[in-house]
1. Any idea what the dipole of the chain comes to, in debye rounded to 20, about its Cα centre with Lys/Arg Cβ at +1 and Asp/Glu Cβ at -1?
2. Multiplying the sequence separation of Ala233 and Ala12 by 0.36 nm and subtracting their Cα-Cα distance, what value in nm do you get?
3. So if I place +1 on the C-beta of Lys and Arg and -1 on the C-beta of Asp and Glu, and nothing else carries charge, what would the dipole magnitude of region 72-207 be about its Cα centre? I want it in debye, nearest 20.
4. If each residue of separation counts as 0.36 nm, what is the full-extension length gain between Ala178 and Leu102 once their alpha-carbon separation is subtracted?
5. Please compute the length gained on full extension between Asp122 and Arg54, using 0.36 nm multiplied by the number of residues separating them and subtracting their Cα-Cα distance.
6. Distance cut-off 32 Å, Cα to Cα: go down the list Lys3/Lys293; Lys3/Lys206; Lys206/Lys374; Lys260/Lys374; Lys23/Lys161; Lys23/Lys293 and report the pairs above it.
7. Along each of the three principal axes of the Cα atoms of region 77-172, give the extent in whole Å, ordering the values from largest to smallest.
8. Rounded to the nearest 500, what is the 222 nm mean residue ellipticity of the chain from helices alone, with -39500 (n - 2.57) per DSSP H run of 4+ residues and division by all residues?
Amino acid sequence: MVKTILHFSEQADTSGFFPQLAKWHGRSRYSMLFGSLGRLEPGLRSAMEERGVRCLSLDCGSRWDYPAGLVRLVGLLRRERVDVLHTHLFDPSVVGLCAATLAATPLRVMTRHYSDYHTRIDRPWHVRLDRLCTRLSHVVIAVSQHTADHMVERESAPADKIRVVLNGIDFDRVSPTAGARESIRQELDAGEATAILMMSRLHPEKGQSHLFEALPRIKRQTSRPFVVWVAGAGGFEAAYREQVRSLGCDDVVRFVGFRKDAADLMAAADILVLPSVAEAFGLVLAEALYLGKPVIASRVGGIPEIVADGTDGILVSPGDSEALAAAICRLLDDGSLRARLSGAGRERVRNRFGFDTMMRSYERIYEEFTQERKAIDDGGRLGSHHVA
């Protein structure tokens, strides 16, 4: 029997995660719906509908709209006879899991895409809501072992309720177009310089400021020409541009904005850097390793589960701009090291991080907990019959 599953999240998706879910889900066993907490962004709606997934939107414009949205979602879950609600991200999980509990949805699943964020920024009420979401879920999928460990150790989550499923890559999507390296380097006027790429949203959590602080030291310590491409968008762009200018490094930094041609940009780069101060997973690192690029990243969160330090990349302490500068200089000046790291992680990434592998893991979890819930329900019914 085909079950109905509703993936419930935010109204936009810059990573392409949900269209990939639509592409890879097991159609013989699951009929997939996609729901959004806010008004669904037209591009995401089109991408989902092109893959045969019907979309539903609560159209919440702010958190003041959440109570009414929750009521609408209860009705939707009942009307569509949803068998599995699978929530993603914080606000959709709070609203979605409360609604699914009221609607008596048979299986409630949450993917925890972040790890210690609310604890680290000292948001006690958010942490309480994280704990509530765990209680309301039948199973929580953690995107890294670090995330699972944090939930158990700091949020008192029941270990038997958590399953670790590493994020996946659609390898067809991470495929550069022909001639991408040459065309991108020409577009960005890289010349013969070594191109260092940082690709992430512009936010202090991602550590851009630590990379910028490292640049004066790098300029002093190496004679090799290099350029830094900063790809991504966010509210901190103006502050970061001013920081780069004040450091006298605007001659080597290019802010290239949000790019849909991420694979082409990675193909054109020589080194990928992700100096995050917190990171539940770090998918861009896996994508870069798959494309044969050496990476430099922080030894934090789920990153050591992706990067093998000294084998396919270099890990440094988070927030340490001096160590980051030293690692970048090593790769800039040591061509043999750069060549040894390049491509070393490709096969490991292919074996561990396939999107189809991730989806099959999701579906095994659905089946496992569906059977567990059925056994509990059957046991309750049998017990009631026996007492009668």
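1. Using only the charged Cβ atoms, the result is roughly 820 debye.
2. 78.2 nm
3. 780 debye
4. 22.2 nm
5. Full-extension gain reported as 20.7 nm.
6. With Cα atoms farther than 32 Å apart: Lys3/Lys293; Lys3/Lys206; Lys206/Lys374; Lys260/Lys374.
7. Reported extents, whole Å, longest axis first: 40, 39, 23.
8. Computed mean residue ellipticity for the chain: -14000 deg cm²/dmol.
Readers should treat all values here as calculations from the given coordinates under stated rules, not as data from a laboratory. These numbers were taken from a predicted model, which means no experiment stands behind them. Heads up, the Cβs are rebuilt from the backbone with ideal geometry, glycines too, and the neighbour counts pull from every protein chain shown.
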